[in-house]
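The structure under discussion appears below in the form of structure tokens.
The values are calculated or read from the model by the stated rules, or taken from the named source; none is laboratory data. The structure displayed is predicted, hence computed values, not measured ones. Methodologically, a virtual Cβ is constructed for each residue, glycine included, from the backbone with ideal geometry; neighbour enumeration extends over all protein chains shown. Surface areas here come from the heavy atoms of the whole protein model, side chains and all, with no ligands, DNA or RNA. Shrake-Rupley method; radii C 1.70, N 1.55, O 1.52, S 1.80 Å.
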Amino acid sequence: MSVDELIDVKGVFNSTESVGYSDVEQLKRIVCSDQVSELNSEVQSLVKRIADGESSSALCARVGIALHLLGKHRQAVIELEKVTDNATAAFFHAVSLIALKRYDDADQQLEAAAKLGYDSIECSLRRAETRRLVNKLDEAESLLSSIAKDAAGRAEYSFQMGCIRSDRGDLYGAIEYFERAVDMDPRHSRAIFRLAGENASRGNDEDAIRLYEQSLSSPPFYLGAILNLGLLYEDMENYPAAAFCFRRILEADPSNEMAAMYLKDIEAADNMYYDEETARNEARMKQLLDRPVTDFELSVRSRNCLHAMDIHTLGDLTRVSENDLLAGKNFGQTSLDEIREMLSSFGLHIGQNLHEALGQDGGYAALPPELADNPVTEKPISDLGLSVRSRKCMSRLGIGTIGELLRRSPDELLASRNFGVTSLNEIREKLTEMNLKLRND
């Protein structure tokens, strides 16, 4: 917003007219501009004045809606419940109640908003949401069907249908509805937020970042979106941007433990020494180990034997022993000497990474005897329901089952890039629910 477009923030709250659509749009413009700090200061000043008795219905309505757009829903409800005769205030009162998970109260407030003259279709769409959020999916879908003729052309209708599809496990159907909602309204922040989450869960980090940033282009701002965006920035090693996101959350909610822990992780990481030369050497070694054995001039017999033993790369050769090779059908001393010579030309040797194949890299121990035959150890790591950040750390560590996780110690996990105390505590909590624990815990 340019200097010529600056809005008189104090003047917005001086109007004695009933609050309406144009007032809400003006407040949204301020929230999305460089004047947001000025708005926040003015609103907090007005909250004190209202508490001291200097209030009117019009002022409480404007202050309450501004608090809602700033994401301060508890304060918003306190101010908006003082307004009983304004449809717009009643609607935003209901939406803040939804954010606070007070779904029954929100449903009653939406009914009141419709009676006061607020858009009845919009109120019904949000009433469907209150039913969905308490797992009354059939009721929610029935309500949406009853207004489909008038509502199907709205982004909110597609968003609500997408949420129901998602709750029923139809992820592809959900994504289709969310995309339709964004096509109808590129500023529908909740639909964009859900699309971003779907992309993040599938590892499409760049698309997820773009969508999370887009979701923050229109108020109200969701702390969940800022938190997830910060985690994605951190995963891409954009630590200043990640820290900015976590600090932004703490400004709005100083008691947010997750943001505080993530910020602490970043600040701790800033003090760690990063050896770029070592990183380059590791990258070159990985590229070498990934080269297929077919790139080299081996005899037909050696190539066929390796293929039969499911050995396809130089890295595979470093993760087997010479005895394993000699045990292969038609694999003799001549083939063994041939492969020794090939690997030595790259400074490698057979079996040098054998500990990885045995699952003992860095001293990873076997499972304790009491868990050796426990079927839970074969369950996929996804059964723990970890956050996106922790799941990505598990993927980087090659941990695919709960048993593989149980063989790791806390120190070994913390040595992984971007794996901090917050993720460790999350994993400990999930394992404790299953009466399990990490090695050495």
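For the pairs Lys72/Lys101; Lys101/Lys149; Lys136/Lys392; Lys392/Lys430; Lys264/Lys430; Lys28/Lys82, flag any whose C-alpha to C-alpha distance is greater than 25 Å. Beyond 25 Å between Cα atoms: Lys101/Lys149; Lys136/Lys392.
Based on the mean of other beta carbon atoms within 10 Å per residue, what is the order of 46-57, 419-430, most packed first?
Working: 46-57: 13.3, 419-430: 18.2.
Ranked from most to least packed, the peptides come out as 419-430, 46-57.
What is the extension gain from Asn440 to Lys329, computed as 0.36 nm multiplied by their sequence separation minus the C-alpha to C-alpha distance, in nm to one decimal? Let's see the in-between values first.
On the way: separation 111, 0.36 × 111 = 39.96 nm, distance 4.17 nm.
Difference between extended and current length: 35.8 nm.
If the segment from Asn204 to Ser395 were pulled out straight at 0.36 nm per residue, it would be longer than the present Cα-Cα gap by 67.3 nm.
Along the axis of the charge dipole computed for the stretch 1-111 (Cβ charges of +1 for Lys and Arg, -1 for Asp and Glu, origin at the Cα centre), the listed residues Ile7, Ser55, Val19 are led at the positive end by Ser55.
Measuring from label point to label point, each 7 Å out along Cα→Cβ, what is the Gln44 to Glu322 span in nm? Inter-label distance under the simple model: 7.3 nm. Expressed as an acute angle from 0 to 90° and rounded to the nearest 10, what is the orientation of the C-alpha long axis of helix 21-31 relative to the principal long axis of the chain? That helix lies at roughly 40 degrees to the long axis. The magnitude of the dipole of the chain, with charges of +1 and -1 set on the Cβ of Lys/Arg and Asp/Glu and taken from the Cα centre, is near 600 debye. Once backbone amide H atoms are built at 1.01 Å from N, Thr401 has Ile381 as its partners under 5 Å, excluding neighbours fewer than 5 places away on the same chain. Note: relative contact order over the stretch 86-214, using C-alpha pairs below 8 Å and six or more positions apart, is 14 percent. Would you work out which of Gln108, Thr334, Ala225 lies farthest towards the positive end of the dipole of the chain, given +1 charges on the beta-carbon of Lys and Arg and -1 on that of Asp and Glu, about the Cα centre? So the residue we want is Gln108. Remark: accessible surface ordering of Glu267, Glu17 (largest first) is Glu17, Glu267, probe radius 1.4 Å.
Once fully extended, how much extra length lies between Met285 and Glu338, figured as 0.36 nm per residue of separation less the alpha-carbon to alpha-carbon distance? Mind showing how you got there, number by number?
Details: separation 53, 0.36 × 53 = 19.08 nm, distance 2.14 nm.
Between Met285 and Glu338, full extension yields 16.9 nm more.
A simple packing score, the average count of other Cβ atoms within 10 Å per residue, orders the peptides 146-158, 229-241, 335-347 as 229-241, 146-158, 335-347, with the highest score first. With the simple spin-label model, which puts each label point 7 Å out from Cα in the Cβ direction, the Leu250 to Glu25 separation comes to 3.9 nm. Accessible surface computed residue by residue for the chain, with neighbouring protein chains in place and a 1.4 Å probe, gives 52 Å² per residue.
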